[in-house]
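Each value in this text was obtained by applying a stated rule to the coordinates, not by laboratory testing. This one's a predicted model, so the numbers in the text were calculated from it and none came from an experiment. Note: ideal-geometry Cβ built from the backbone for every residue, glycine included; neighbour counts use all protein chains shown.
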Amino acid sequence: MNNGKAKQGGIGRQARTWFTRLQNLRPAGGPDAPALSLRDPWPGDPARGARLVMGELEFGGAVLPVHPEIFVTAPGATRILRAHLHGFAWLRDLRALGTDAARSRARALVLDFIDTPKPDPIAYAPDVAGARLASWLGHYDFFAASADDEFRQALLSRLVQDARTLSAALPAEFLDGRALTALKGLAAASIAMPEHAQYLPRVLKFLVPELTRQFYPDGCHVERSPAAHLLALQDLTEIRALMQAGGETPPPELLASIEHAAAAMRALRHGDGGLALFNGSKEELANLVDLVLAQAGRARGTLAHLKSCGLFRIAAAKAVLFMDAGAPAAPGLDRFAHAGTLGFEFSFGKDRLIVNCGAAPALAGDWSAALRASAAHSTLVIADTSSSEIKETGLGRRPLNVNVARQDGGGTAWIEANHDGWKQVFGAIHHRRLGLSENGEELQGEDAIEAETPQPFNIRFHLHPNVTASLAQDEETVLLRTPSGLGFRLKAEGAVPRIEGSVYFGQSEPRRAEQIVLPGHQDGPQHIKWTITKA
């Protein structure tokens, strides 16, 4: 979109918003009940539901105390946590708990929001409003169907107002997956309240161009985050289901996008069924990923190559190797981006061995930034400086050129790549070459720094917390033991390994872990070879 069109779009959006505010000054006159009963298709967490009943909202490792002014201000909460609060997706946690106390808590919080005259401005963001519309309508039978007339009338009136406001705000200014969430919410309102919200043509107007912009040709989401990809695929399957429930024919572009995104989703999983930990991702529960793929349907065995997005995958026998060998997501798409260029993960069967440290995007403070730094990834780090500059809303300095080639055959599949993320600060280029044998039992690696001035560096191998590490008697080999009893050896040429502490935010709770570090010195070799071999 050029600047002229963007300016015109902004003026039009502003005019629609002002007109909608005038409309919303009048009583909305909502329907007595949704014309069509919708059902949120995703499972909740009863433990989180119980915690919410007790007065704490937990999301993404962050905890937010629920207080009377919670929808006005949430001191210290990140945007992601505030968006989750005002999006009401946590209703599925209360539904999973399923008690009378859970239902009462749901009604009380919904009513608190409706009665708040000036909520946190984030409540009106298109993605947040879309999430709230879908959540309220998707859980209506749980918390509202048996409520009194006054509650239901207040709820339906607010639904009509929010749908009207969201429609005026489209197209969403966000370039990332949040635009899909906004469209999903408006589709839900149109299908459930057709006499008050005939907005489906507006959804379709923006949906097809959005699909083209949101996904690479290989089906991977443009944020290059397995977690963001999972959320986008969930939104697409919900939009399709909403249209089918309303008797509408989904556009063929939507069906094709779901099929391609599902193939990419299958390729972003380790052997345990969870997600690879790149760019803001956690493992996620394997059964949730299974459910999303089941909802997507078709092409169940298909795997995407992921070449376009640069999250390369090599599978050999029981082993799976992932490598981030692509340029970071572009500005506007980099809210979850990490400085993990050329980082890798390696699993054997259902055992994860080498991992990245995970993410805590909803958590305020130093942890979120630390987990995005290069040192929290299984890659080379020069002079304790990240390959990309970490900023709260994305990345600053970053690799401008990431070159990669993949070669299969000869008994070993290789990925060879380099990037210039340190060119500006150190005049250095990092080269990495990874090769996985066809039986999956040997991973070979080479790391080299190309620079006029030799650089100090560390090559880090973060271990999954279920893996134990110990130095062999020669003190040059690290022995690794997995929960299933398998053994592996890591050995290097040109560096003496050491074992250090690490942390792992890849699951619901942070855990202590270990990492193997191969140190490189300015007066030492700038080229290190290493192998990980099944014992």
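Excluding residues on the same chain fewer than 8 positions from residue 118, give the aspartates and glutamates whose Cα lies under 16 Å from its Cα.
69, 162
Give me the one-decimal nm value for the distance between modelled label points at residue 298 and residue 472, 7 Å along each residue's Cα-to-Cβ direction.
Label-label distance for residue 298 and residue 472, simple model: 5.1 nm.
Do the sum for the chain: with -39,500 (n - 2.57) for every DSSP H run of n ≥ 4, divided by all residues, what is the mean residue ellipticity at 222 nm, to the nearest 500 deg cm²/dmol?
Values: 15 runs with 187 residues, N = 535.
Roughly -11000 deg cm²/dmol at 222 nm, from the helical runs in the chain.
Taking loop as defined by DSSP and a crowding limit of 10 other beta carbons within 10 Å, which GluC sites (Glu not before Pro) in the range 461-527 fit? List each step's numbers first, then the result.
Values: sites: 475, 476, 493, 500, 514; in loops: 475, 476.
Here the GluC sites (Glu not before Pro) that fit, given the DSSP loop and packing criteria, are 475.
Where the centroid of each part is defined by its Cα atoms, how far is the range 240-311 from the range 347-391 in Å?
That distance is 24 Å.
Over the Cα atoms, compute the radius of gyration (one decimal) and Dmax (the largest Cα-Cα distance, rounded to a whole number) for the range 157-242, in Å.
In Å, with Rg to one decimal and Dmax whole: 13.0, 42.
With label points built 7 Å along Cα→Cβ from the Cα atoms of residue 416 and residue 115, find their separation and express it in nm.
With each label placed 7 Å out from Cα toward Cβ, I get 6.9 nm.
How many lysine pairs in the range 311-534, separated by 8 or more positions in sequence or lying on different chains, have Cα atoms less than 24 Å apart?
Counting lysine pairs in the range 311-534 gives 10.
Please compute, over every Cα-Cα pair in the range 389-535, the percentage with a separation greater than 26 angstrom.
Details: 3842 of 10731 pairs.
That fraction is 36 percent.
At 7 Å along Cα-to-Cβ for each site, give me the label-to-label distance between residue 35 and residue 350 in nm.
Placing both labels 7 Å beyond Cα along the Cβ direction yields 4.8 nm.
To one decimal place, what Kirkwood hydrodynamic radius in Å is obtained for the range 10-214 from all pairs of distinct Cα atoms? Could the numbers behind the result be given before it?
On the way: mean 1/r = 0.0581 Å⁻¹.
Taking every pair of different Cα atoms in the range 10-214, averaging 1/r and inverting gives 17.2 Å.
Based on the Cβ-Cβ distance of residue 47 and residue 259, what FRET efficiency does E = 1/(1 + (r/R0)^6) give at R0 = 22 Å, to the nearest 0.05?
Details: r = 34 Å, r/R0 = 1.55.
Once the sixth-power term is evaluated, E becomes 0.05.
Give the calculated FRET efficiency between residue 527 and residue 100 to the nearest 0.05, with a Förster radius of 56 Å applied to their Cβ-Cβ distance. List each step's numbers first, then the result.
Details: r = 66 Å, r/R0 = 1.18.
Efficiency at R0 = 56 Å is approximately 0.25.
Using only alpha carbon positions, build the gyration tensor of the chain, then give the equivalent ellipsoid semi-axes as the square roots of 5 times its eigenvalues, largest first, whole angstrom.
Three semi-axes, in Å: 45, 24, 22.
Exposed loop sites here are trypsin sites (Lys or Arg not before Pro) in DSSP loop states with at most 15 other C-beta atoms within 10 Å. What is the longest stretch of the chain lacking them? Numbers along the way, then the final one.
On the way: sites that count: 39, 298, 300, 350.
Looking at the chain, 40-297 is the longest stretch - no exposed trypsin sites (Lys or Arg not before Pro) with at most 15 other Cβ atoms within 10 Å.
Are there GluC sites (Glu not before Pro) in the range 220-254 that DSSP marks as loop and that have at most 10 other Cβ atoms within 10 Å, and which are they? All intermediate terms of the calculation are to be shown ahead of the outcome.
Details: sites: 223, 238, 248, 253; in loops: 223, 248.
Taking the range 220-254 and a limit of 10 other Cβ atoms within 10 Å, no loop GluC sites (Glu not before Pro) are found.
Thinking of the range 300-448 as a set of Cα atoms, what percent of all their pairs are more than 20 Å apart?
So the portion of pairs separated by more than 20 Å is 49 percent.
Do you know the relative contact order of the range 432-535, to the nearest whole percent, from alpha carbon pairs under 8 angstrom that are 6+ apart? Working shown, then result.
Values: 219 pairs, mean separation 36.1, N = 104.
That works out to 35 percent.
Over the chain, calculate the relative contact order: mean separation of alpha carbon pairs under 8 Å at least 6 apart, over the residue count, as a percent. Intermediate values should be presented prior to the final figure.
Details: 1151 pairs, mean separation 55.2, N = 535.
Computed value for the chain: 10 percent relative contact order.
Can you give me the relative contact order of the range 311-534 as a percent, contacts being Cα pairs under 8 Å and 6 or more apart? Could you put the intermediate results ahead of the total?
Details: 581 pairs, mean separation 40.3, N = 224.
Relative contact order here is 18 percent.
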